[in-house]
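To start, the structure itself, in structure tokens.
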């Protein structure tokens, strides 16, 4: 097989390595590309946002609309080669896996960013890779892809869960929007877990997260524990939101969860999704997946 090659980005650091059939190389001009992004007018802190929408008129000329373009692109900073891939699908899967383990969105497409994206690594996850864990993550992604070639939807579902996790963290989202994206990510994780390890019977929404956590060795948070007082909190919030348009008993956007409380539900949901994604890819023997989700402290992730 001739293999497949693609450019991807945006990643502001040099990265040059080969793991099995996968090789990654930094493109020339990285420093200049990083400078251009960092001085971009749509950058704010660790994030960059979609520019205003340009419109080309039939009679010639362009104008700028007073709303964002939403979909936008960033410079390609690296090349990736998969020596045995018959098409770009495994390459794209590896780029999504690299995105997750580096905590920022990468893409092989021309305009692969929606609304906003971080420009600093580690922004979208609560872990720090230790030792040779980046190389190990590439091994895990390759092993997952190879083991599931007969069921390609599994790789797509894993990617979908990563995408929902990333989308939930747009700084401009309201709380109910973050909750919706994170519950979608949890549902995607369950769909993949169910495909890999079919449960004996039908599981309700209130049972799914606990079943997943028990199977993967991830701690069950109190808000997803069917045995907790008051039942499963997130399932009780999801149902009226999806079926009745109510969040915390009010129309969407008019109420918040956790007012006057010390916990942060969406922060914990974000942490749980991240731990489930690590475990679903095949890394279950590490301290990270059993670590607490109720803190903003970053955790070490050793995949060795």
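Multiplying the residue separation of residue 214 and residue 36 by 0.36 nm and removing their Cα-Cα distance gives an extension gain of 59.4 nm.
For region 125-301, go through all pairs of different Cα atoms, get the mean of 1/r, take its inverse, and jot down that Kirkwood value in Å. The Cα-based Kirkwood calculation yields 17.0 Å. Using the average count of surrounding beta-carbon atoms within 10 Å as a protection proxy, the listed peptides 268-276, 53-61 rank, highest first, as 268-276, 53-61.
Sorting 177-184, 221-228 by average packing, meaning the other beta carbons within 10 Å per residue, from highest down gives 177-184, 221-228.
When only Cα pairs below 8 angstrom with a gap of at least 6 residues are kept, region 162-272 shows a relative contact order of 23 percent.
Measuring nothing but how far apart in sequence close Cα pairs (under 8 Å, 6+ apart) lie, relative to its length, region 71-227 scores a relative contact order of 16 percent.
The distance between label points at residue 26 and residue 2 comes to 3.0 nm (points 7 Å beyond Cα on the Cα→Cβ vector). Counting only Cα atoms, I'd like the Rg/Rh figure for region 17-141, Kirkwood definition for Rh. My calculation puts Rg/Rh at 1.03.
The mean sequence distance of close C-alpha pairs (under 8 Å, at least 6 residues apart), as a share of the length of the chain, puts its relative contact order at 18 percent. When each of the peptides 77-89, 37-49 is scored by the mean number of other C-beta atoms lying within 10 Å of its residues, the order from highest to lowest reads 77-89, 37-49. Placing dummy labels 7 Å off each Cα toward the beta-carbon, the span from residue 195 to residue 55 is 4.0 nm. The modelled label-to-label distance between residue 18 and residue 229, using points 7 Å beyond Cα along the C-beta direction, is 6.1 nm.
A short reminder: the numbers here are calculations on the coordinates, not readings from a lab. Only a predicted model underlies this, so the values are computations on that prediction, with no experimental measurement involved. With ideal geometry, Cβ positions are generated from the backbone for all residues, glycine too; neighbour counts draw on all protein chains shown.
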